[in-house]
1. Hey, which lysines would be in cross-link range of residue 213, C-alpha to C-alpha under 29 Å, not counting anything within fewer than 8 residues on its own chain?
2. Treat every Asp and Glu Cβ in the chain as -1 and every Lys and Arg Cβ as +1, leave all other atoms uncharged, and give the resulting dipole magnitude about the Cα centre to the nearest 20 debye.
3. For the chain, what is the accessible area per residue in Å² when the probe is 1.4 Å?
4. Skipping prolines and chain starts, which residues have an amide H placed within reach, meaning under 5 Å, of the one on residue 117, given they are 5 or more residues away or on another chain?
5. With equal scatterers on the alpha carbons only and no solvent term, can you work out the Debye log10 of I(q)/I(0) for region 1-71 at 0.13, 0.22, 0.23 1/Å?
6. Apply the Kirkwood formula to region 77-149: the hydrodynamic radius equals the inverse of the mean of 1/r over all pairs of different alpha-carbon atoms; give it in Å with one decimal.
7. Compute the signed sum of charges (Lys and Arg +1, Asp and Glu -1) over the other residues within less than 14 Å, Cβ to Cβ, of residue 109.
8. Given R₀ = 35 Å, FRET efficiency for residue 9-residue 254 by Cβ-Cβ distance, to 0.05?
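The values are calculated or read from the model by the stated rules, or taken from the named source; none is laboratory data. Predicted model, so just to flag it, every value in this text is computed and none were measured. Positions of Cβ are backbone-derived with ideal geometry, glycine not excepted, and every protein chain shown enters the neighbour counts. What goes into the accessible areas is simple: the full protein's heavy atoms, side chains included, and nothing from ligands, DNA or RNA. Shrake-Rupley method; radii C 1.70, N 1.55, O 1.52, S 1.80 Å.
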Amino acid sequence: MRDDLGSTQPLVPPIYQSSVYTFRDLDHVDHVYEQQETGYIYARDGHPNATRLAEQLAAVEQAEWAMICATGMGAISAALLATLQQGDRILASTRLYGRTSQLLVQELPRFGVQTSWVDVCDLAQVEAALQQPARLLFVETISNPLLRVVDVEALARLAHQHDCLFVVDNTFATPVLLRPHALSADLVVESLTKIIGGHGDITLGMISGAGLKAGTSEFHTQVAQVISMWGLTANPFDCWLGERGLPTLSLRVRQASQNALQLSHWLATQPGVSAVIYPGCAQHPDHDLARRVLPDGYGHMLCFALEGGREAVNRFMRQAPGIPFSPSLGYTRTTCSHPGTTSHRHASPAEKRRQGIHEGLIRLSVGVEDLAEIQKEMARGLRQ
Ligand SMILES: *Cc1c(COP(=O)(O)O)cnc(C)c1O
């Protein structure tokens, strides 16, 4: 049976919720397998909703190609599995998403891959670490939770001088604020679960490639194989929801960044707040770099510290239910989290101290509400 829409097409694309596709005869099967005719075969290898989302993201990212995975971690796994060999060394930022660090520390050594850690805000340290061969350099453009900003262009130059692939997790910045491929990153990975999806209702990831090595169709094919064989594929419904979010991505990111900047100024004047951490603030260690590399906004993530430590955080949470505590980010509304008991729960006390993560530190994922609405609820939370 064929769909009969007459001469019209739906404005909004359909969800192709099918695990497999059908064929007229064996010649048709041959043609699709041999790519003489386009078409889909089995949804783990690809489906129209993933293709549509990937093509739109590839354009936004200024990439040669993009692929969608079931989660952000799936996209990171695809990047690693497509590039690493036994015996390889990774050079990684000391400020990575918790699960990414765990993947490098707990999983990859089983496959004979070792990781060295560098402070990627210190270019001399990165250059020294690159004196030993490394297959890839892995960084985040804006780090969690203290929002350190990296110089993507300078790091790309260093990596390429040492024949090292440069992989950038751009989840916090999004392609609205920063496009790493335009600054010579080879691979970009993003969790679409966060502000790119933006509505708190999906888990998805994206990997994209550009440049002489990662931009080729051979490299794209290698990543596609990894995604199918290791089963990292995204499902049609999540891809459909991901596509639904894209037309508002720029609006949402800009509005949330504006709100975050205003909140950072406002919070600094509130009683009980001992510090505000935001790349848009003059006191932030990377403010000058951020002004240069993030001209369209400093992002939707912001941290602030309460003088009273854990009890003050509890009071804030109880008094401000309108800012739900939820250990993720990038929802339409403002939410909060506490790195010490969530993302960095298992970090040692020394590691927490090194990163500046203490009991009074609250992380905000600022939403797109009217600023006054956020301030009203924040003021409730901050009442002594
Ligand atoms: C959430 C996140 C990931 C992982 O994405 P999932 O979709 O949760 O798998 C990776 N990197 C960063 C920076 C993240 O915030």
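1. Straight-distance partners of residue 213: 194.
2. Charge dipole of the chain: 1580 debye, to the nearest 20.
3. On the way: 18120 Å² over 384 residues.
Result: 47 Å² per residue.
4. Here the answer is 92, since their amide H atoms fall under 5 Å of that of residue 117.
5. -0.52, -1.15, -1.18
6. Value: 12.6 Å, from the Cα pair sum.
7. Values: positive: 89, 110; negative: 88, 107.
Neighbourhood net charge equals 0.
8. Working: r = 31 Å, r/R0 = 0.89.
My answer for the efficiency is 0.65.
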